[in-house]
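In what follows, a single structure is set out as structure tokens and then discussed.
Please treat every number below as a calculation from the coordinates, not as lab data. None of these values were measured; they are calculated from a predicted model. Backbone-built Cβ (ideal geometry, glycine too); neighbour counts: all protein chains shown.
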Amino acid sequence: MRRYFARKLLFYLVTFFVAVTIDWLIPRFAPGDPVTSMISRVAAQPEAAAAMMDYFNGTFGLDVPIWQQYLNFWTSLLQGDLGVSIWLFPQPVTRVIMDALPYTLALLVPAVLLAFWAGNKFGAFAARKRWLDGAVLPLGYILTATPYMWLAILLAWLLGSVWQVFPIAGAYGFNLAPAFTFQFAGSLLQHWFLPFLSLFLVGFGGWAIGMRNLIIYELDADYSRYLSSLGAPDKLIRSYAYKNARLPQLTGLALQLGVIVTGALVTEVVFSYPGLGWYSYQAIINQDYFLLQGIFLFVVIGVLLANFVIDLVYVMVDPRVRLGMEGG
Amino acid sequence: MADLPRPRDVPEITVDTSLPPEAPRPRRRVGRAGEFLYFAARDRKIFVSLAIVLALLLVAIVGPFLREYGPNEYVGPGMQPPSSEYWFGTTTFGQDVFVQFVHGLGATFFVGLVGGGLASIIGMTVGFVAGYRGGWLDELLNMLTNVVLVIPTLMVLIVIVAYVNARGLLIEAVFIGCTAWPWAARAIRAQTMSLRSRDFVDLARLTGMGTRRIITGEIAPNMSSYLMLTFILLFGNAVLIAATLDFIGLGPTDGISLGLMMNNAVLWSALQLGMWWWFIPPGIGIVLIVGSLYVMNVGLDQVFNPRLRKL
Amino acid sequence: MTLVVNDLKVYYNTLAGDVRALDGVSFEIADGEIMGLAGESGCGKTTLGNSLIRLDGRMRHVDGSVELDGQVLPIADSEAMDRFRYHSISVVPQYAMSAMNPTRKIGRMSRELIESRGIRYETVREEYERRLTLVGLHEGVLGLYPMELSGGMKQRVVMVLSTLLDPSLLIADEITSALDVSTQKAVAESLVGLRDNGFVRSMIVITHDLSILHEVADTILVMYAGHLAEKAPTESVIRHPRHPYTRMLIDSLPEVGVRFDQKRLEGIPGKPPSLLDPPAGCRFRARCPLADEVCQEQPPFVEIADGHQVACWKVE
């Protein structure tokens, strides 16, 4: 068991290492020198600029040898220093990320968990009621084929613009300031709902279809037939099928994380929701490479962590993996 | 083979292996391809989805010739809803949305084909080699696959593309192809490993056939249906990724694409202004293409895999 | 009489039409009888075994009746059949080695199964463990997952579990096919033990391996292409088969100690007819050396000697 986790940990560390290296390498391949021109724009305020110049010189400085630039980059990273944002100068990148993170998490976590749970339940239900197949199947495939941002656009347009049920920009009303009031909380929820719904729906379609197919497969498995031959009630057979089908779905969740996170990011762009996605977009427009790279690294770490957690959970729920490892 | 010396007390064994003459049976052999075509033609899913994809392809090819001007030219009054002159209306700046749409469709098909195709090739190479060779090569390729799989590659693309200023459609397709292959490699590796232990592969190896020829001549043809399904999925995937890239403004810097149309629409407040003709068509275009491909995939899976066929 | 089957017809739905897998089968099984059911692949023996307990999606009960202990079995109505399953009629399936849920410990799965049938597990647990030791398994097996057992062990667990409620009739479908010879012997002996210990009243043992039947069966029923060919006590079938098919079948078995150059090993040339559109009359006609025009009419399955039934015009 320990060896299994040690291997997994090693893998994630290697992946992290690769990601960081890629991130560090990319600007060096860009034609011209975009970063210097950006820095020069901001050199107006000397004291604040000094901090940035330090960072910049450490990681990009031409008078510093390449390998040292690389090491400096790592050192800064491990100290939590991702540089200073150019667009939002003089705020450090880390600060910007921390401000934006709660909004993204507020969208992602409920949407992913709920879509996974509800999609699985619904898919299992659809597998039982074959008359639903005519309606569910095409709808599910359409939902999975819908790019995240288009569904966001549709919802924003229909529910926000046409029927004016929900607002479509920002995290809370423009006239409000953050406070622990019901009014503020209400406004937060109102603004949160549409992007959440959009993320939820796309995920829901995919999980439902996947689960339906898996359940059908499980219901046809030998153990299901055996139980049925011995007169076991459908409920028991279905419960076994469901629990077994959840396992590959869990693996699928781990694989999909990158895609889901990206979906969240573009959804934020549509709704001008101030999470990591919206900030990435602004970073691109404003050519704030430090912020962009910082968010990238942060997201990568998050995805790797989530993958690791799912690995842990999977080992706990699938006895075959546990046994396989203990066996040697 | 030369006669082996026999121990003295074992008598010779004579075996008459001639078969009794058999009455010739009428042959009704439908080749495998014929069998597939039979089921494919009768499967409504495949039929409808293929029709949709082909129809859109036709629109993408013929569409640009329906008007003399290009997609980004300013040809009329802005913010016009669909009319008999401008079938999909105009944008804020007076560009013809329909012309943008048909050009965008073309870009979409291109990216799907090139991006999906490249991803298929890489995935196949990695998958076949890892699955067939095994050993340390397998471990290495596995590590590579898993790394590319786990890193949210779209973010990598975002960062890369942000630095490269002049971007063409081909570069975008190549980027996508180079990052979308991992799950295909995994799937192909699994299939290859199960085929590797089959008799005909052993025979081929015994005759001294080289690895490359075994893969291309023995293994791949036996997986041809699986490879086709993989390509279709990669095609759809590439289209979605490209649309997302275009939407964030990281697509080709010239020309037009469906994702870019959506980007512009949102940027110029089409949502608030109710200019649905600007953002609805590109989305529908993508959903139709990708959705049809997915459904076609399911249908083809049933055709190739008799166990899944419904009666 | 434990089982009475009368003119049973079960067909499969396929794209190309009905496959007439069981086309009018009638026989009886007495109390305490172990009947072997033999025949080549595709003759309908597994269909017969299945149709007595569970018709799967593509099977259809077309005609005929089945009576178990004097009660009519509603084989076409799956819900009504539930009352009989496990309690009165049970099965050790062909796929016994994968018949248990891989992600559940065996004991837990057994408990959930039994409780779902309305029986408190505590009332049968001791007996369950006792029977497991009878077939040579340690009761600790209940705390393991299926993948921790060998194929033979899993099969024995399934045998015990399937017969735990002492059914009147047990259907054992190809349970020795995937085993090595020594395990086959052990399993065959366990089978007989089930009947001798009173756990099971009567049994149908389905197999294509006549040598196993010679060991365990009291009577043997030979099927061919959806019809019955011959039913007789085991010794009669093996030593004095009357139906031409049975005779060629027995003849095709190699005898121990006989060499090739002394006696040629004969098969039965030809193939069974397609059951999609079976020929009229005796279905063995095309391969039978004794066939002539009278065989164009279906021979009835009649008793020609005490306990010996044959379906052939050429047997007087």
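Short version: ³J(HN,Hα) in whole Hz for each residue of region B:126-135, in order, from phi by Karplus 6.51 cos²θ - 1.76 cosθ + 1.60 (θ = phi - 60°), x for Gly and Pro, what are they?
After applying 6.51 cos²θ - 1.76 cosθ + 1.60, I find 4, x, 4, 5, 4, x, 7, 6, x, x Hz.
If one puts a single equal scatterer on every Cα of chain B and applies the Debye formula without solvent, what log₁₀ I(q)/I(0) results at q = 0.12, 0.13 Å⁻¹?
-0.93, -1.03
So for C:C43, B:C178, fewest C-beta neighbours within 10 Å to most, what's the order?
The most exposed by this proxy come first: B:C178, C:C43.
Using Cα pairs under 8 angstrom and six or more residues apart, how large is the relative contact order of chain A, in percent? If you can, show how the numbers build up before the last one.
Working: 341 pairs, mean separation 81.2, N = 328.
That works out to 25 percent.
About the Cα centre, and with charges only on the beta carbon of Lys, Arg (+1) and Asp, Glu (-1), how big is the dipole of region C:135-290? Nearest 20 debye, please.
Dipole magnitude for region C:135-290 comes out near 660 debye.
Which residue, chosen from A:V261, A:G160, A:S224, occupies the Cα position most advanced towards the positive end of the dipole of region A:114-271, where the dipole is computed from +1 (Lys, Arg) and -1 (Asp, Glu) charges on Cβ about the Cα centre?
Checked the options; the winner is A:S224.
Can you give the net charge of the other residues whose Cβ lies under 15 Å from the Cβ of C:P93, counting K and R as +1 and D and E as -1?
Net charge in that neighbourhood comes out at +1.
Based on other C-beta atoms within 10 Å, arrange A:I285, B:I232 from fewest to most.
With the sparsest Cβ surroundings first, the list reads A:I285, B:I232.
In Å and whole numbers, how far do the C-alpha atoms of chain A stretch along each principal axis, longest first?
So the three principal-axis extents are 81, 60, 40 Å.
In angstroms, what radius of gyration and Dmax does region A:188-255 have, counting Cα atoms only?
Both quantities, over Cα of region A:188-255: 16.5, 55 Å.
With contacts defined as alpha carbon pairs under 8 Å and 6 or more residues apart, what's the relative contact order of region A:149-299 in percent?
On the way: 120 pairs, mean separation 37.8, N = 151.
Result for region A:149-299 is 25 percent.
Stokes-Einstein D for region B:154-210 at 10 °C, 1.306 mPa s, Kirkwood Rh over Cα pairs, in µm²/s?
109 µm²/s
C:C288's amide H: which non-local residues (gap 5+, or another chain) put their own amide H closer than 5 Å, with H modeled 1.01 Å from N in plane and none for Pro or chain starts?
It is none; the list stays empty.
Taking 0.36 nm per residue of separation and subtracting the Cα-Cα distance, what length does fully extending A:L101 through A:I301 add?
70.7 nm is the gain from fully extending A:L101 to A:I301.
In sequence order, what are the phi-derived ³J(HN,Hα) couplings for region C:111-116 according to the Karplus relation 6.51 cos²θ - 1.76 cosθ + 1.60 with θ = phi - 60°, rounded to whole Hz, with x for glycine and proline?
Per residue, the Karplus-derived 3J(HN,Hα) values read 4, 5, 5, 5, 5, 5 Hz.
Hey, with R₀ at 60 Å, roughly what FRET efficiency would B:L37 and C:E189 work out to, going by the Cβ-Cβ distance, to 0.05? Don't skip to the end; give the middle numbers.
Values: r = 53 Å, r/R0 = 0.89.
E between B:L37 and C:E189, to the nearest 0.05, is 0.65.
Tell me, B:D301, C:D261 in order of fewest to most beta-carbon neighbours within 10 Å? Write down the numbers at each step before the final one.
Working: B:D301 15, C:D261 12.
With the fewest neighbours first, B:D301, C:D261 line up as C:D261, B:D301.
Report ³J(HN,Hα) in whole Hz for each residue of region A:156-164, in order, from the Karplus equation J = 6.51 cos²θ - 1.76 cosθ + 1.60 where θ = phi - 60°; Gly and Pro get x.
With coefficients 6.51, -1.76 and 1.60, one gets 4, 5, 5, 7, x, 8, 6, 9, 6 Hz.
Taking every pair of distinct Cα atoms and averaging 1/r, then inverting, what Kirkwood hydrodynamic radius in Å comes out for region B:117-182?
Over region B:117-182, the inverse of the mean reciprocal pair distance is 12.8 Å.
Based on the Cα coordinates of chain C, what is the per residue volume of their convex hull in Å³?
148 Å³
Using just the Cα positions, wrap region A:58-131 in a convex hull and report its mean projected area in square nanometres, one decimal place.
If I average the Cα hull's projected area over directions, I get 8.8 nm².
Hey, what number do you get for chain B at 222 nm if only DSSP H runs of n ≥ 4 count, each worth -39500 (n - 2.57), divided across all residues, to the nearest 500? Display every interim value, and only then the final one.
Working: 13 runs with 199 residues, N = 311.
Helix contribution divided over all residues of chain B: -21000 deg cm²/dmol.
With a/c under 1.5 counting as rounded, go ahead and sort region C:88-166 into rounded, prolate or oblate using the C-alpha gyration tensor (a ≥ b ≥ c being the square roots of the eigenvalues; past the cut-off, prolate if a/b is larger than b/c, else oblate).
Rounded, since a/c falls under 1.5.
Please report, in Å, the Rg and the Dmax of region C:65-104, where both are computed over Cα atoms only.
Gyration radius and largest Cα-Cα distance of region C:65-104: 13.1, 40 Å.
List the chymotrypsin sites (Phe, Trp or Tyr not before Pro) in region A:161-213 that DSSP assigns to loop (not H, G, I, E or B) and whose Cβ has at most 10 other Cβ atoms within 10 Å. Which are they?
Counting only loop positions with at most 10 other Cβ atoms within 10 Å, the chymotrypsin sites (Phe, Trp or Tyr not before Pro) in region A:161-213 are A:W163, A:F174, A:F180.
In Å³ and rounded to a whole number, note down the convex hull volume per residue for the Cα atoms of region A:204-328.
About 130 Å³ per residue, rounded to a whole number.
Relative contact order for chain C: what is it in percent, counting Cα pairs under 8 Å that are at least 6 residues apart?
Computed value for chain C: 21 percent relative contact order.
According to the Kirkwood expression over distinct Cα-Cα pairs, how big is the hydrodynamic radius of region C:226-297, in Å?
14.0 Å
Skipping prolines and chain starts, which residues have an amide H placed within reach, meaning under 5 Å, of the one on C:G64, given they are 5 or more residues away or on another chain?
Under 5 Å from the amide H of C:G64: C:K9.
Could you list the square roots of 5 times each eigenvalue of the Cα gyration tensor of region C:5-80, that is, the equivalent ellipsoid semi-axes, sorted largest first and rounded to whole Å? Can you show the working numbers first?
On the way: eigenvalues 87, 51, 21 Å².
Value: 21, 16, 10 Å, ordered largest first.
Divide, for region B:171-259, the radius of gyration over alpha carbons by 2.2 N^0.38 Å, where N is the residue count.
Normalised Rg, Cα atoms only: 1.49.
State the antiparallel share, in %, of DSSP beta bridges confined to the protein assembly as shown, rounding to the nearest 5.
In the protein assembly as shown, DSSP labels about 65 percent of beta bridges as antiparallel.
Across region C:20-129, what fraction of all alpha-carbon pairs, as a whole percent, falls in each successive 10 Å bin from zero upward?
11, 36, 35, 17, 1
What does the convex hull of the Cα atoms of the protein assembly as shown come to per residue, in Å³, rounded to a whole number?
Cα convex hull per residue, to the nearest whole number: 247 Å³.
A:V84's amide H: which non-local residues (gap 5+, or another chain) put their own amide H closer than 5 Å, with H modeled 1.01 Å from N in plane and none for Pro or chain starts?
Amide H neighbours of A:V84: A:V93.
Rounded to whole Å and sorted largest first, what semi-axes of the equivalent ellipsoid does the C-alpha gyration tensor of region A:111-225 yield via the square root of 5 times each eigenvalue?
Result for region A:111-225: semi-axes of 36, 16, 10 Å.
Please list the radius of gyration and Dmax for region B:79-172, considering alpha-carbon atoms only, with Å as the unit.
Using the Cα atoms of region B:79-172, the pair Rg, Dmax is 20.5, 65 Å.
Give C:K185/C:K314; A:K8/C:K105; A:K235/C:K271; C:K9/C:K314; B:K45/C:K45 a once-over and call out the pairs whose C-alpha atoms are over 32 Å from each other.
C:K185/C:K314; A:K235/C:K271; B:K45/C:K45, as the Cα separations exceed 32 Å there.
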